[in-house]
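The values are calculated or read from the model by the stated rules, or taken from the named source; none is laboratory data. Keep in mind the model is a prediction, meaning the values are calculated, not measured. Note: ideal-geometry Cβ built from the backbone for every residue, glycine included; neighbour counts use all protein chains shown. What goes into the accessible areas is simple: the full protein's heavy atoms, side chains included, and nothing from ligands, DNA or RNA. Shrake-Rupley method; radii C 1.70, N 1.55, O 1.52, S 1.80 Å.
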Amino acid sequence: MLRIAIVDDHQIVRAGFREMLADELGFAFPFEAASGEEALQGLREHEVDVLLLDLSLPGQSGIDVLRAARQRYEKLRILVLSGFPEERYALAMIRNGADGYLCKDCSREDLINAIHAVAQGRRYLSPRTAELLAEELTGGGGGAPHEKLSDRELQVFLRLARGESVSDIAAVLNLSVKTVSTYRSRLLEKLQVSSNAELATYALRHGLILE
């Protein structure tokens, strides 16, 4: 029996995925979660093989959950299911520990294939993600600067872009204010911007946050 947990802040989306998978034999659903905090609590209380994880969550984001789960649950396989197209997050999520990336408008067949692939210890790359990776490897794309950020840098970047203060980010991520300030300085350099406002503009331009 393959144990699958669904993490998305919209109940109708969770129900939709559960319905898509309902007829598949050998799938069990130990828990569902509507926030990052609920997801991490569920992982503490239940045995899970595959985590279906949205990126846009209230409180702790999907990126926060990805980082924490990777540190704590070595055997857990994580499949990101996002409303953002592959161009925006797929390569960054794969680099930072996700076992696969799918858009939420995927077909039932694609979703089941992706779940089986990651459960067997393989990476799942959609045709578009594979194309992006090939472009990068052959020098055709090069990738945007944010795609090369570490998971922690990406966490801090997106929170700064949404207008959170350095002290608030430090509290949420259990870091010192000095450490977050160091990450901020590093982000300004890597993304070639000079202020939090320009970080937000960069994130909006690349579709990483919604207006």
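Summary table
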item	result
Number of the condition not met by Glu131 [criteria: (1) surrounded by 20 or more Cβ atoms within 10 Å (Cβ to Cβ); (2) free of Cβ contacts under 8 Å to residues at least 12 places away in the same chain]	(1)
Any hit, region 35-45, residues being of a type in the set (Lys, Arg), closer than 27 Å to Ala161 by Cβ, open to solvent by 50 Å² or more (accessible area, probe 1.4 Å) and over 10 Å from the mean Cα position of the chain (by Cα)	no
Number of positions in region 162-173 that are at pLDDT 90 or above and under 19 Å from Arg67 (Cα atoms)	4
Qualifying residues in region 74-95 (those that are open to solvent by 40 Å² or more (accessible area, probe 1.4 Å) and farther than 11 Å from Leu208 by Cβ) - the one modelled with the lowest pLDDT	Pro85
Qualifying positions in region 60-74 - touching a residue at least 60 places away in the same chain (Cβ under 8 Å) and not charged (D, E, K, R)	Gln60, Ser61, Ile63, Leu66
Condition check for Arg159: within 15 Å of Tyr89 (Cα to Cα) and either touching a Ser or Thr at 6+ places or on another chain (Cβ under 6 Å) or part of a helix (DSSP H, G or I) (or both)	no
Test: residue in region 144-153 that is free of Cβ contacts under 8 Å to residues at least 12 places away in the same chain and either under 21 Å from the mean Cα position of the chain (by Cα) or over 23 Å from Ala69 (Cβ atoms) (or both)	no
